[in-house]
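For reference, the structure is listed below as structure tokens.
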Amino acid sequence: MHLLGLSDAQRSEIIEILDAADRFIGLDHQIKKTDQFSEALAGKTLGLLFFEPSTRTRTSFELAAQKLGAETILLDEQGTSVQKGESVVDTCRNLEAMGFDALVLRHGDRHLPFSVADRVDIPIINAGNGTGEHPTQALLDGLTLRQAFEHGEGAGLDDLNVTIIGDIVHSRVARSDVHMLNALGANVTLAGPSVFLPGSRDPDWNARTVTDRATALEDADAVIMLRIQSERIAGNRVDMDRYIDEWGIDQIVVEQEMPSHCRVMHPGPVIRGVELTGAVADGPRSLILRQVTNGVAVRKAVLQKILGDL
Ligand code: ASP
């Protein structure tokens, strides 16, 4: 079983992972820190192939795997024969031949996880494929929303209004979030300058699109802010001062444009002073560090599902 994206994920499958992640969080609270290691995935070896920068995703996969008793080996472009011209597919086939049990893959090429999954018999977990998808980020976002709005075990996100603001078209987080939010019954609004919005007939983006911040925020229960993916933009750059003015969230926007219960999320890295001011990122509406905490639990649940028994 692979986890390449959420476009075909069923509501029940997503809820199963969120419920398991919630149970891991419950366990972490019960067990003393020194006892936190489990043997659930003892004897398994996970390859972490990160060919693009990552802080949270890489570390939390590693931590999750180790806390479940698995071994992890990290590979990046610098230290592998990919730098000498070997294809990533060949690298992955070699790792499979060595006995790796699963591979977590981050790469700038959208098609790569699919090509690898076609050529190996071990599970591939997509940790971000260019502008494609970032399924575990969306799962941790779903868990964070479910906790924040007290939708308990077994529940989805029915009728929650979630707005995603920023560079939507280049964002793998937005794409996976939209699939997750649709599957769990939330109402999704995508907002940003029109160069960052998908075409209204694009079937991949089943959501309302809005081009002004006040409308995007007026009914929102939660807003997910996104970084501008400068590394993926060939043309169509935006004027930064204007972008911050029209789309950034500071304390004044919080007070004047957001409902009083609306929460703020961000997948990281946050560029303080662009998407959000520091005061908002660190303020009482922010769920950003809760997302990071949930990232470990969700990745434990995913690994347990794929490599163990859930
Ligand atoms: N960390 C997220 C990703 O890898 C979001 C971002 O980089 O802006 O897609």
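The values are calculated or read from the model by the stated rules, or taken from the named source; none is laboratory data. A quick note: this is a predicted structure, and the numbers were derived from the prediction, not measured. Counting neighbours? That spans all protein chains shown, and the Cβs are built from the backbone with ideal geometry, glycine included.
Among the residues of segment 177-206, which ones are closer than 22 Å to residue 142 by Cβ and assigned to a helix (DSSP H, G or I)? Listed by number, the residues that qualify are 177, 178, 179, 180, 181, 182, 183. For the condition within 16 Å of the ligand (Cβ to nearest atom), crowded, with 19+ Cβ neighbours inside 10 Å and touching a residue at least 12 places away in the same chain (Cβ under 8 Å), residue 213 does not qualify. Total residues in segment 183-203 satisfying the condition of being without any contact (Cβ under 8 Å) to a residue 60 or more places away in the chain and either farther than 26 Å from residue 242 by Cβ or within 16 Å of the ligand (Cβ to nearest atom) (or both): the figure is 7. Looking at (1) farther than 20 Å from residue 175 by Cα; (2) touching a strand residue (DSSP E or B) at 6+ places or on another chain (Cβ under 9 Å), find the lone condition where residue 241 falls short. That leaves (2) as the condition not met. Any chance segment 104-112 includes a residue that's away from the ligand (no atom under 16 Å from the Cβ) and touching a Pro at 6+ places or on another chain (Cβ under 9 Å)? There is no residue in segment 104-112 that is away from the ligand (no atom under 16 Å from the Cβ) and touching a Pro at 6+ places or on another chain (Cβ under 9 Å). A Cβ distance below 8 Å, combined with a sequence gap of six or more or placement on separate chains, defines the contacts here; from segment 265-282, residues that are hydroxyl-bearing (Ser, Thr, Tyr) reach residues that are away from the ligand (no atom under 13 Å from the Cβ) in the pairs 277/248; 277/249; 277/250; 277/251.
Filter segment 142-177 down to the residues that are basic (Lys, Arg) and either closer than 19 Å to residue 19 by Cβ or modelled with pLDDT under 95 (or both) and list them by number. 146, the sole residue that qualifies.
Put simply, of 225, 180 the only residue that is within 15 Å of the ligand (Cβ to nearest atom), at pLDDT 95 or above and within 14 Å of residue 157 (Cα to Cα) is 180. Would you mind telling me which numbered condition in (1) surrounded by 18 or more Cβ atoms within 10 Å (Cβ to Cβ); (2) in a loop (DSSP other than H, G, I, E, B) residue 64 fails? The number of the failed condition is (2). Of all the listed residues (284, 267), the sole one being more than 16 Å from the ligand (Cβ to nearest atom), under 21 Å from residue 147 (Cα atoms), modelled with pLDDT of 95 or more and in a loop (DSSP other than H, G, I, E, B) is 284.
Results for (1) crowded, with 21+ Cβ neighbours inside 10 Å; (2) among the aliphatic types (A, V, I, L, M), shown as yes or no for each residue.
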| position | (1), (2) |
| --- | --- |
| 27 | no, yes |
| 40 | no, yes |
| 56 | no, no |
| 75 | no, yes |
| 83 | no, no |
| 94 | no, no |
| 105 | yes, yes |
| 132 | yes, no |
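Of all residues in segment 119-130, which are crowded, with 22+ Cβ neighbours inside 10 Å and among the small types (Gly, Ala, Ser)? The answer is 127, 128.
Filtering segment 134-158 to residues that are buried (at least 20 other Cβ atoms within 10 Å of the Cβ), of a type in the set (A, V, I, L, M) and more than 16 Å from residue 288 (Cβ to Cβ) leaves 139, 157. In segment 8-31, the residues that are over 11 Å from residue 302 (Cα atoms) form Cβ pairs under 6 Å with partners that are part of a helix (DSSP H, G or I), at six or more places apart or across chains, as follows: 9/183; 11/183; 24/297; 24/300; 25/297. It is to be established whether one or more residues within segment 159-172 are surrounded by fewer than 24 Cβ atoms within 10 Å (Cβ to Cβ), under 16 Å from the mean Cα position of the chain (by Cα) and in contact (Cβ under 8 Å) with a residue 60 or more places away in the chain. The answer is yes, given that some residue of segment 159-172 is surrounded by fewer than 24 Cβ atoms within 10 Å (Cβ to Cβ), under 16 Å from the mean Cα position of the chain (by Cα) and in contact (Cβ under 8 Å) with a residue 60 or more places away in the chain. In a residue-by-residue description of segment 195-205, the property of being of a type in the set (Lys, Arg) and over 23 Å from residue 144 (Cβ atoms) applies to at least one position.
May I ask you to verify whether residue 22 is among the charged types (D, E, K, R), in a helix (DSSP H, G or I) and touching a Gly at 6+ places or on another chain (Cβ under 9 Å)? Judged against the criteria, residue 22 is a match. Filter segment 50-90 down to residues that are among the aromatic types (Phe, Trp, Tyr) and touching a residue at least 60 places away in the same chain (Cβ under 8 Å) and give me whichever is farthest from the ligand (Cβ to nearest atom). In this case the residue turns out to be 61. Could you tell me whether any residue of segment 286-301 is over 30 Å from residue 102 (Cβ atoms) and more than 21 Å from the chain's Cα centre (by Cα)? Taking every residue of segment 286-301 in turn, none turns out to be over 30 Å from residue 102 (Cβ atoms) and more than 21 Å from the chain's Cα centre (by Cα).
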